[in-house]
Amino acid sequence: MAELPGGSVLFRSVEVAPGHQGDCRVRGGRIVALAPRLRAAPGENVVDGGDGALLPGLADHHLHLTAMAAQAASVDLSGRTAPTLGPTIRGAAPGPDGWIRATGYDDGAHGPLDREILDTWAAGRPVRVQHRSGALWVVNSAALQRLGADSAAAPPGVERDGSGRATGRLWRVDGWLRERIGARPPSLTAIGARLAAFGITHVTDATPDSAAVPVLAGALHRGELPQYVTSLAAHRPTAVSHPRLRLGARKLVVADHELPELAALVREISASHAARRPVAVHCVTPAALALTLAALDEAGHHAGDRIEHCALADTAAVRELAARRLRVITQPTFITRRGDAYLERTPPAEHGDLWRYGSLLRAGVTTAPGSDAPYGDPDPWACLRAARDRTTPSGRVLAPGERTSPARVLRGMLSRPCDPGGPPRRLTTGARADLVLLHVPLDEALRHLDPALVRATYVGGRAVYGPVPPR
C-alpha cells in the first residue's frame, strides 16, 4: 500500500452522512476535517466524489482467510451432480504437495462419501475432499497411509468403524492434517485484493487453531492483506506481532456430530474469561445452543460473548439469548447458497426458526452479519441482498418474517470488530481513515446492492483498491 501523493487527500463533494454533502480531509491516516466546503492545500490530492457516499470501511465479522485462499486452488464440487464427482476427482491434477484437494462436498446432494468410494475414483493418489461446512474432510486409502491415520497418535477426530479401521472421515482435525501433509500457508494477496474491492477494511478470522495467528501475522508483514484482522484463535496476546492484527473473542466449537461434556465446555469458557477474552461459540443445532447456554450460565458471562451461526433457534431460544445479552453473528448468504436444502431437511414447523435475523433484532439480541467465507459468499453486497430477500436458489422464500432491511444490516457491517452489532462507525474528526467511496449516494446504493458501486477503498488513508487519480 503506497502512501497517497502529498500525504494528504481531500474528498470533494461526497455524501458524508445520509443526505448530507460535504468535503472530507484525510491526513496522517485519520480524518482531520469535515465541512460543507474545504479549501485544497498545496500539493493535496483532491478526489472529486461526484456526490457519491463516503462510508467507513465495511467489516466481515466471520470468515476464514486461509481457507478462502486454499479453496481458490482446489477442485470445486459445489453445484455438481453426484454422478460427476468421480470423473471430476479422477481427472483432477494434484497440487504441488502431490495431493488432489477438493471442496464443496455436500452429503445431502452428493450422498455418502468415505475411503472406499474415493478409492474407486482415485486409488493411487492421495485425495482429500472437504465437506461444505468445513467441519469434515474425507480422504482415500492412499491419503490415510501418508497421514499415518492408523497409528495410536492419530487424533480422536479420525473416525473409525467397529473394527477400529479408519473410515476416511476426519472431523475437525485441520491442524493435524496440515502438520502431517506439511502444507505451506497459501498466499493471501488475491483474497486481500478481492475483499478490498468489495469495500471491506476489517475482517474477523474465525479459525480457532492457534497456528492461524502467526500465519495471519506473516501475511500482514508481507503486505498480502491490506485489512485490519481480528483473530478468534486460541493464542497468547503477547505473541501478536503486527499493528493491524489483534485477538478478539476466543472461538470454541460445539461440534454437532459429537457434543462435548458440559463440564469440559464450562472449563473452556472459564479459562477464556480468566484470560479476559469473551468466547465465540460455534452453534448450529438447537442441542448445541442449549448446551452452550447452560455452560455460560455455569461459567458466568463476559461482555462480548457471542454465538456464531445460530442456524436453528426457536422463539424460546431467542428469548434466552436476549436475556443473557449474548450477541449473534449470522450468515444470510447461506440462504441463497443452501436454502433449498435447509427447507427440505428441516421439518416445516421449524422453517421459521432457520437463520433468524429480523426476530433477533426485534427481541433485542445484538446481531451482526458475517460471510463465513469460503463456505458463504464473501461479497457484502450479496449479504445485504440475501438478508432483504431471503430467497433460496430455486426462488423460494425462507422465513419471510426474518427479512431485514439492507440499511439495518449495513449498520452491522459498520460496527467495530470488537463490538459486532454495536454502534456503527461514522465519519468523525479524529477517526481512522478506513473508508469506502461509492459511485452513488447511499440510498441509491442500498437499492441496487452491487459491488460495482464501490469506487475506491482506503485503509489508514492509503488507497488499497481503485485509487482515484489526483487532480
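The values are calculated or read from the model by the stated rules, or taken from the named source; none is laboratory data. Being a predicted model, the structure only gives us computed values, none of them experimental. Note that we place each Cβ from the backbone using ideal geometry, even for glycine, and neighbour counts take in every protein chain shown. When the accessible area is computed, the model is the full protein with side chains, heavy atoms only, and any ligands, DNA or RNA have been set aside. Shrake-Rupley method; radii C 1.70, N 1.55, O 1.52, S 1.80 Å.
Listed conditions (1) more than 30 Å from residue 117 (Cα to Cα); (2) in contact with a Leu (Cβ under 9 Å, 6 or more places away or on another chain) are all met by residue 254, apart from (1). Specify the residue that is nearest to the chain's Cα centre (by Cα); the eligible residues are those in region 249-281 that are within 20 Å of residue 174 (Cα to Cα) and open to solvent by 60 Å² or more (accessible area, probe 1.4 Å). Residue satisfying both the conditions and the ranking: 256.
Every test in (1) farther than 24 Å from residue 247 by Cβ; (2) open to solvent by 30 Å² or more (accessible area, probe 1.4 Å); (3) in contact with a helix residue (DSSP H, G or I) (Cβ under 9 Å, 6 or more places away or on another chain) is passed by residue 343 save one, and that test is (2). The residues of region 331-356 that are in contact with a Cys (Cβ under 8 Å, 6 or more places away or on another chain) and either in a helix (DSSP H, G or I) or among the aliphatic types (A, V, I, L, M) (or both) amount to a single one, 333. Going through region 277-291 one residue at a time, which ones are closer than 23 Å to residue 351 by Cβ and touching a strand residue (DSSP E or B) at 6+ places or on another chain (Cβ under 7 Å)? Correct list: 282, 283, 284, 285, 286, 289. Restricting attention to region 212-227 and to residues that are touching a Ser or Thr at 6+ places or on another chain (Cβ under 7 Å) and in a loop (DSSP other than H, G, I, E, B), the residue that is most open to solvent (accessible area, probe 1.4 Å) turns out to be 224.
Restricting to region 183-198, what's the tally of residues that are open to solvent by 30 Å² or more (accessible area, probe 1.4 Å) and either out of contact with any Asp or Glu (no Cβ under 9 Å at 6 or more places or on another chain) or at pLDDT 95 or above (or both)? Walk me through it before giving the result.
Residues of region 183-198 that are open to solvent by 30 Å² or more (accessible area, probe 1.4 Å), as a first pass: 183-187, 189-190, 193-194.
From the residues that got through so far, the ones that are either out of contact with any Asp or Glu (no Cβ under 9 Å at 6 or more places or on another chain) or at pLDDT 95 or above (or both) too are 185-186, 189-190, 193-194.
The qualifying residues number 6.
The test for being closer than 18 Å to residue 435 by Cβ and in contact with a Cys (Cβ under 7 Å, 6 or more places away or on another chain) holds for residue 54.
When 316, 299, 349 are checked against the criterion of being of a type outside the set (Asp, Glu), surrounded by 15 or more Cβ atoms within 10 Å (Cβ to Cβ) and over 24 Å from the mean Cα position of the chain (by Cα), a single residue qualifies: 299.
State yes or no: is residue 356 on the phi < 0 side of the Ramachandran plot, at pLDDT below 95 and crowded, with 19+ Cβ neighbours inside 10 Å? Before the answer, list the steps.
Numbers: on the phi < 0 side of the Ramachandran plot: yes; at pLDDT below 95: no; crowded, with 19+ Cβ neighbours inside 10 Å: yes.
For residue 356, the condition - on the phi < 0 side of the Ramachandran plot, at pLDDT below 95 and crowded, with 19+ Cβ neighbours inside 10 Å - is not met.
Considering every residue within region 289-310, establish whether at least one is outside any helix (DSSP H, G or I) and of a type in the set (Lys, Arg). Yes: one or more hits.
Any residue that is of a type outside the set (Val, Ile, Thr), under 30 Å from residue 51 (Cβ atoms) and touching a residue at least 40 places away in the same chain (Cβ under 8 Å) - is there at least one of those in region 353-369? Step through it out loud before you land on a result.
Taking region 353-369 first, the residues of a type outside the set (Val, Ile, Thr) are 353-364, 368-369.
Still in the running and under 30 Å from residue 51 (Cβ atoms): 368-369.
Cutting the leftovers down to touching a residue at least 40 places away in the same chain (Cβ under 8 Å) gives us 368-369.
Within region 353-369 (the criterion being of a type outside the set (Val, Ile, Thr), under 30 Å from residue 51 (Cβ atoms) and touching a residue at least 40 places away in the same chain (Cβ under 8 Å)), the answer is yes, since at least one residue qualifies.
Put simply, of 180, 160, 169 the only residue that is within 23 Å of residue 208 (Cβ to Cβ), open to solvent by 20 Å² or more (accessible area, probe 1.4 Å) and modelled with pLDDT of 90 or more is 169. Remark: residue 168 matches the filter, which requires a residue to be among the small types (Gly, Ala, Ser) and within 18 Å of residue 86 (Cβ to Cβ). Cβ-Cβ distances below 6 Å connect the following pairs, each with a first residue in region 400-423 that is among the hydroxyl-bearing types (Ser, Thr, Tyr), a second residue that is part of a loop (DSSP other than H, G, I, E, B), and a separation of six or more residues or different chains: 404/357; 415/421; 415/422. Hey, any hits in region 173-182 for a residue that's in a strand (DSSP E or B) and among the aromatic types (Phe, Trp, Tyr)? No, region 173-182 contains no residue that is in a strand (DSSP E or B) and among the aromatic types (Phe, Trp, Tyr). Here 205, 209 are screened, and the one residue that is open to solvent by 40 Å² or more (accessible area, probe 1.4 Å), acidic (Asp, Glu) and under 22 Å from residue 306 (Cβ atoms) is 209. Set side by side, the residues 401, 395 differ, and just one is at positive phi and out of contact with any Pro (no Cβ under 7 Å at 6 or more places or on another chain), which is 395.
Of everything in region 321-330 that is assigned to a helix (DSSP H, G or I) and farther than 15 Å from residue 285 by Cα, the residue that is least open to solvent (accessible area, probe 1.4 Å) is 322. So which residues in region 158-186 are among the aliphatic types (A, V, I, L, M) and closer than 19 Å to residue 65 by Cα, if there are any at all? Of everything in region 158-186, those that are among the aliphatic types (A, V, I, L, M) and closer than 19 Å to residue 65 by Cα turn out to be 173, 177, 183. For region 386-471, which strands (runs of 3 or more DSSP E) that fit wholly inside it have 3 or more residues that are within 28 Å of residue 244 (Cβ to Cβ) and open to solvent by less than 30 Å² (accessible area, probe 1.4 Å)? So the answer is 435-438, 454-459.
Taken over region 226-248, the criterion of being aliphatic (A, V, I, L, M) and within 15 Å of the chain's Cα centre (by Cα) is satisfied by 229, 232, 233. Checked against (1) on the phi < 0 side of the Ramachandran plot; (2) buried (at least 22 other Cβ atoms within 10 Å of the Cβ), residue 293 passes all but condition (2).
The residue pairs whose first member lies in region 192-205 and is more than 13 Å from residue 370 (Cβ to Cβ), whose second member is of a type in the set (Ser, Thr, Tyr) and buried (at least 24 other Cβ atoms within 10 Å of the Cβ), and whose beta carbons are closer than 6 Å, counting only pairs six or more residues apart or on different chains, are 196/457; 199/457.
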